[in-house]
Amino acid sequence: MNPEPSDTGPTKATSGPLRDYEAAVDWLDSHIDLERLLGSAEATPPTLDRMWTLMGVLGDPQDSVPAIHITGTNGKGSTARLAVALLGSCGLAAGSYTSPHIERVNDRITVANEPLDDESFTLAISEIAVFESMVTERCGERPNYFEVMAAAAYNWFASNAHVNVIEVGMGGRWDATNVVDAAVAVITNIGADHLEIIGPTLADVAAEKAGIISAGAIVVCGETAPELVEVVAATAAEASADVWRRGVDWDVVQRQTAVGGQLVSIRTPLGEHADHYVPLHGAHQAMNVATAISSVEAFFGRRIDDDVIAAALESVSLPARFEIVAQEPTVVIDGAHNPGGAAALRDTLAESLWVGSASSPGHPTGAPTSTDGAKVLVIGANRPHDPGAFCEALDLDPFDAVVATAAAWPRAMAPSEIAAAVEHSCAGRARPLQITGVAGVGEALQHARDRAGREGIVVVSGSLYVAAEARRLLKG
């Protein structure tokens, strides 16, 4: 597939009943938000009826431009952002829908990795508001928050993008984004997250994620466990879809740390790409780069030139993904929220921050020249996640102190509950670990920075909502 940009380029939508940005956000917030109710008795059974109805009254905008659809337990947001950058280097304006947002709700709908401005966001939401009553009448209930946002994204991209890069919210088969026949289906990995909803087994999770595979698509599968790959392959066979398997058809061939990032070499079914500098830390990000390049090559059906890849990667940034946001002490924010993400953070810290100096390979720009200060973890967690399992995967041995806190989020666990789970997870630790519960993220950050001292390191993780709140406070 090799779509050509139109001569005139993308255009803006121009109509809608909501008078301004504040009114659009208020109207959006009036909808049931399943992200806030995840795992609760108030959550409704999965259905795509409202979404299909909404797409129908909008004229099926999801079919207007080709798409790459991305699911997975970890890495799907990073992979989406990388794929958008690659598509942009190829001359295409790529629209992307991701969740949740880091700074503002506008972040969920982007073109070329730039969030819609307030005027455009108001128009995008307004165009859904025009038709909502028709959907409510036909389905007997309003669309929910996530459905409205997904519909607004598809509708906006139909006029303002050449290709869609769509991130699944959860699972795949019943996700509101799964109304698109994507040319490429990406499964980054399959882990034990949300088993209470899309489980109970990993095979069940694999089946749910494989539910995004459309007829005739190419499936870029980053999972390597044979029994889970078999589930994906079986679903792909039913859809007459080809599967590109990590470790067989594509993979990271080599990587080495470098100042401010790493050098990565990968191979895909369509060629090899050697020694690309990636301004991101960690083996997991190297894998996300390989996944994104494979996905975009699958989309075009050809090898991407190395100069195009270099241009895409040179300035890519991933907010709240091992992001250094302050110095003296160094503050690292990472949105990892499950054991798989914690393990990736653990390895990245060991590789890039715990050892070395500012002059050593792999040491991040802005990090201290020594680690004489204390190492402090600020951790939050949302139900139904297990902060104890997170900490076991993260490995608290390098840390001197832990500050448990809670974001302003309905599913946030109480700091005292998190602190108890942390204490239990490190029972038997030889070196004492100071564990403190602090109610607000701002207060927790201040406590952690005071404890770390100017030469120390503060790591904020465990919840993307805590990471986002900390990022807003520190970056203004």
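Structure above, values below:
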| read-out | value |
| --- | --- |
| Per residue value of the accessible surface for the chain (all protein chains in place, 1.4 Å probe), Å² | 39 |
| For segment 384-399, Karplus couplings with θ = phi - 60° (6.51, -1.76, 1.60), whole Hz, Gly/Pro x | x, 5, 10, x, x, 5, 4, 5, 5, 6, 5, 6, 8, 3, x, 7 |
| Dipole-positive endmost among His276, Ala421, Thr98 within the chain (Cβ charges, Cα centre) | Ala421 |
| Cα-Cα pairs of segment 100-194 separated by more than 24 Å (percent) | 26 |
| Amide H contacts under 5 Å for Val179, placed H, 5+ residues apart | none |
| Electrostatic dipole magnitude of segment 240-281 [Cβ: Lys, Arg +1; Asp, Glu -1; Cα centre; debye, to 20] | 120 |
| C-alpha center-to-center spacing [segment 370-448, segment 64-88] in angstrom | 31 |
| Convex hull volume of segment 423-476 per residue (C-alpha atoms, cubic angstrom) | 98 |
| Global geometry of segment 199-251, whether rounded, prolate or oblate, following the gyration tensor of its Cα atoms and the 1.5 cut on a/c | oblate |
| Segment 255-327 - convex hull of alpha carbons, volume per residue in Å³ | 88 |
| Beta bridges by DSSP in the chain, antiparallel share as percent, to the nearest 5 | 35 |
| For segment 198-339, average projected area of the Cα convex hull in nm² | 9.9 |
| Environment charge of Thr348, counting only residues whose C-beta is closer than 13 Å and scoring Lys/Arg +1, Asp/Glu -1 | -2 |
| The chain - percent relative contact order, Cα under 8 Å, separation 6 or more | 15 |
| 3J(HN,Hα) from dihedral phi, segment 47-57, Karplus parametrisation 6.51/-1.76/1.60, rounded to Hz, x for glycine, proline | 7, 10, 4, 5, 5, 5, 5, 4, 4, x, 6 |
| Backbone N under 19 Å from the Ala192 label point (7 Å along Cα→Cβ), restricted to segment 209-237 | 209, 223-229 |
| Global form of segment 42-129, assessed from the alpha-carbon gyration tensor, a/c cut-off 1.5 | rounded |
| Vicinal HN-Hα couplings computed from phi for segment 163-174 (Karplus, 6.51 cos²θ - 1.76 cosθ + 1.60; Hz; Gly/Pro x) | 7, 9, 10, 10, 9, 5, x, 7, x, x, 3, 9 |
| Burial ranking of peptide ranges 178-186, 419-427, 123-131 (average Cβ count within 10 Å, highest at the top) | 178-186, 123-131, 419-427 |
| Among 197-203, 148-154, 444-450, the order from most to least packed when residues are scored by Cβ within 10 Å on average | 148-154, 444-450, 197-203 |
| Segment 139-283: mean projected area of Cα convex hull, nm² | 11.4 |
| Dimensionless Rg ratio for the chain, taking C-alpha atoms and the 2.2 N^0.38 Å reference | 0.96 |
| Cα pair distances of segment 376-455 binned at 10 Å [whole percent] | 20, 53, 25, 2 |
| Residues whose placed amide H lies under 5 Å from that of Ser463, excluding near-sequence neighbours | Gly380 |
| Reference-scaled alpha-carbon Rg (2.2 N^0.38 Å with N residues) for segment 154-224 | 1.17 |
| For the chain, calculated [θ]222 nm from helices alone, where every DSSP H run of n ≥ 4 adds -39500 (n - 2.57) | -12000 deg cm²/dmol |
| Shape box of segment 286-337 [Cα atoms, principal axes, largest first, Å] | 46, 26, 13 |
| Computed FRET value (nearest 0.05) for Trp52 with Ala430, which takes r as the C-beta separation and R₀ as 60 Å | 0.55 |
| The chain, accessible surface, carbon-and-sulfur percent (1.4 angstrom probe) | 49 |
| For Ile457, residues with placed amide H under 5 Å, excluding near neighbours | Ala374, Lys375, Val376 |
| Highest-first arrangement of 161-168, 304-311, 215-222, where packing means the average Cβ count within 10 Å | 161-168, 215-222, 304-311 |
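The values are calculated or read from the model by the stated rules, or taken from the named source; none is laboratory data. Nothing here was measured: the structure is a model prediction, and the numbers come from that model. Counting neighbours? That spans all protein chains shown, and the Cβs are built from the backbone with ideal geometry, glycine included. These area figures cover heavy atoms from the full protein model, side chains too; ligands, DNA and RNA do not enter into them. Shrake-Rupley method; radii C 1.70, N 1.55, O 1.52, S 1.80 Å.
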